[in-house]
Number of protein chains: 2
Amino acid sequence: MKTLGDIGEHGAIDIITRLAPSALNGDDAAVLYNSPPNSRTVVTTDSLVLGRHFRLDWSSPEDIGHKAIVQNFADIEAMGARPVAAVMALNAPPSTPVSFIEGLARGIHDEIKEFAAELVGGDITASDEIIVTITAIGSLGGSAAPLNLNAAKPGQKLVASGVIGHSAAGLALLQHFEGNVPEEFAPLVHAHLRPRLQPSRGMIARATGATCATDNSDGLLVDLETIATRSGVSINLNADAIAPTDLMHAAGEATGIDPWQWVYSGGEDHTLMATTHHDVPSGFRHIGDVGRGNTVTVGGKTPAHTGWVSF
Amino acid sequence: MKTLGDIGEHGAIDIITRLAPSALNGDDAAVLYNSPPNSRTVVTTDSLVLGRHFRLDWSSPEDIGHKAIVQNFADIEAMGARPVAAVMALNAPPSTPVSFIEGLARGIHDEIKEFAAELVGGDITASDEIIVTITAIGSLGGSAAPLNLNAAKPGQKLVASGVIGHSAAGLALLQHFEGNVPEEFAPLVHAHLRPRLQPSRGMIARATGATCATDNSDGLLVDLETIATRSGVSINLNADAIAPTDLMHAAGEATGIDPWQWVYSGGEDHTLMATTHHDVPSGFRHIGDVGRGNTVTVGGKTPAHTGWVSF
């Protein structure tokens, strides 16, 4: 089996730039397109650490590529911006199989092209464990404010695009069945391994009058509490609108876990959530309401929960 | 001793945003300033891996912060652009001392403010070894081409800003004396631990008509060979202009290493090198000439050398 140590840094760069090509790659730094007038550049970064965030017996290298892009592009979308480019810092031991690098590059390219974006550069460095760090660059057009965490207002609807709790259910199933999850639960496992981010939902929310957005990365309640605290508002979720699906209930029975736990504290779904005074934007659904106060409630009551913490 | 595990991700973020403050930090992603008309965004990323690129008994956390910014900003300057912002992905074990994070943030802030830039965001993730990945964002104003690796032209001067070979000499001294390097060699050690990048030299080179630039990161000859290959030119260095300094000769005697080896293959000086038909730009000196062909020579002869490779 050929390894990163065999082909070296330049060999790995050749593979990545072949499988995730960009005419902007290959100089000291990548020069992006001319910025449209009155636009702002948006930037965010996130690491995936092998073993902590993904297991190679569960996730394919392609899955990891998809997920690394999604978790970063979700943050760009959550500002109301359009992802335009990404760079990757890959830290990996010399024993890393070349097939891992190929799969990773393929996954990145498959995901990034959904957004008409490009992998424009990167760095490959020897390390003891595999860490994939993506930095995403977005473009925020026009003079309207970005969708800031502190800009939710009482009287607004809370709207969401994407599933809630599926990623956590998928992880619980993988853990419970030690990877051999029954086929019926494939959509949940898929949601964990390769969460889906619908391109342009952040731009659409901003264009239709939303003022605040975030993505469900650390857990629904934790992420909404951030909005509540930063905006000085309360958020009341509609229990029916966020209730576990039938498939999640079945997964709950199979694993002995209350599926509401996945809804409340799962995270990693990268559900885009926004607040707006206006009609529910295309691709979103109404899941709650913003009011005065500083609490996050479900049907007016405080739910018990915890969220993801790194340490 | 307090550790990252004690204070958690949010505690660490509080420290970093206090010591390296930016009003742009703290949302899902950072929204940068309005782009000037006809400007392009420039992006690059680089990791420093503890143990491979730095040793904590030699480098202070502040040094690491400085170096992480310099190695990225040098790539932005090498396009002729102005560094405006950076994000940091910090991978670190829970046992990492809080004092490390404080020093790192201080070093980043001290260096980044020399460029009137800001640390605008980041990510902190648990890992087994400490890895500091910086992604730098620059702004390339005006419609002139960036300083591309393929744009050197026969008849141009090769000009350089910054020391050549000092970083490698410093590293050799640290290795030879196991960290206890005699005081007389402090400038060389300092050049390794905290390489100096003069702000704005890339912009000045571009503004005064340079067409191509790179920084000495992998080794003088390796980096110039990249230009020679990509531009389809030869480069002949003037031996007197790149000759080891008296201090480097003394370090050579102390360590038993030919100081020309540091000049040729040292790297990590982040010397900015550009090619221009015009007068030597302010802050640069004339170190060689671009001609027809495809070789890199010194005084017309081929030197023996190797460069830095990651694997």
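The values are calculated or read from the model by the stated rules, or taken from the named source; none is laboratory data. Values in this document were obtained by computation on a predicted structure and should not be read as measured data. Here Cβ is always computed from backbone atoms with ideal geometry, including for glycine, and neighbour counts include all displayed protein chains.
For this structure, a couple of remarks:
- Of the residues making up region A:107-144, those that are at pLDDT 95 or above, aliphatic (A, V, I, L, M) and assigned to a loop (DSSP other than H, G, I, E, B) number 3.
- Only a single criterion out of (1) crowded, with 18+ Cβ neighbours inside 10 Å; (2) part of a loop (DSSP other than H, G, I, E, B); (3) touching a helix residue (DSSP H, G or I) at 6+ places or on another chain (Cβ under 7 Å) is not satisfied by A:Asp218, namely (3).
- Of the criteria (1) surrounded by 24 or more Cβ atoms within 10 Å (Cβ to Cβ); (2) within 15 Å of A:Gly170 (Cβ to Cβ); (3) of a type outside the set (Phe, Trp, Tyr); (4) touching a Ser or Thr at 6+ places or on another chain (Cβ under 7 Å), which one A:Ser265 fails: (1)
- Subset of region B:34-69 [touching a residue at least 40 places away in the same chain (Cβ under 8 Å) and more than 18 Å from the chain's Cα centre (by Cα)]: B:Ser35, B:Pro36, B:Asn38, B:Ser39, B:Arg40, B:Thr41, B:Gly51, B:Leu56, B:Asp57, B:Trp58
- Any hit, region A:25-33, residues being farther than 15 Å from A:Ile134 by Cβ and either part of a helix (DSSP H, G or I) or under 17 Å from the mean Cα position of the chain (by Cα) (or both): no
- Residues within region B:25-40 that are within 9 Å of chain A (Cβ to nearest Cβ) and within 28 Å of A:Asn216 (Cβ to Cβ), tallied: 7
- Residue count for region B:263-303 under the criterion of being under 22 Å from the mean Cα position of the chain (by Cα) and charged (D, E, K, R): the result is 3.
Quick grid of which residues meet (1) part of a loop (DSSP other than H, G, I, E, B); (2) at pLDDT 95 or above; (3) in contact with a Gly (Cβ under 8 Å, 6 or more places away or on another chain):
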position	(1), (2), (3)
A:His192	no, yes, yes
A:Gln198	yes, yes, yes
A:Met203	no, yes, yes
A:Thr226	no, yes, no
A:Pro244	yes, yes, yes
A:Leu247	no, yes, no
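- Applying the condition of being hydrophobic (A, V, I, L, M, F, W, C) and surrounded by fewer than 23 Cβ atoms within 10 Å (Cβ to Cβ) to region B:105-116 and asking which residue is nearest to the other protein chains (Cβ to nearest Cβ) yields B:Phe115.
- Of all residues in region B:135-144 being facing another protein chain (nearest Cβ under 9 Å) and of a type in the set (A, V, I, L, M, F, W, C), the one that is surrounded by the most Cβ atoms within 10 Å (Cβ to Cβ): B:Ala136
- Positions within region B:46-84 being more than 7 Å from every other protein chain (Cβ to nearest Cβ) and in a strand (DSSP E or B), in sequence order: B:Leu48, B:Leu50, B:Phe54, B:Arg82, B:Pro83, B:Val84
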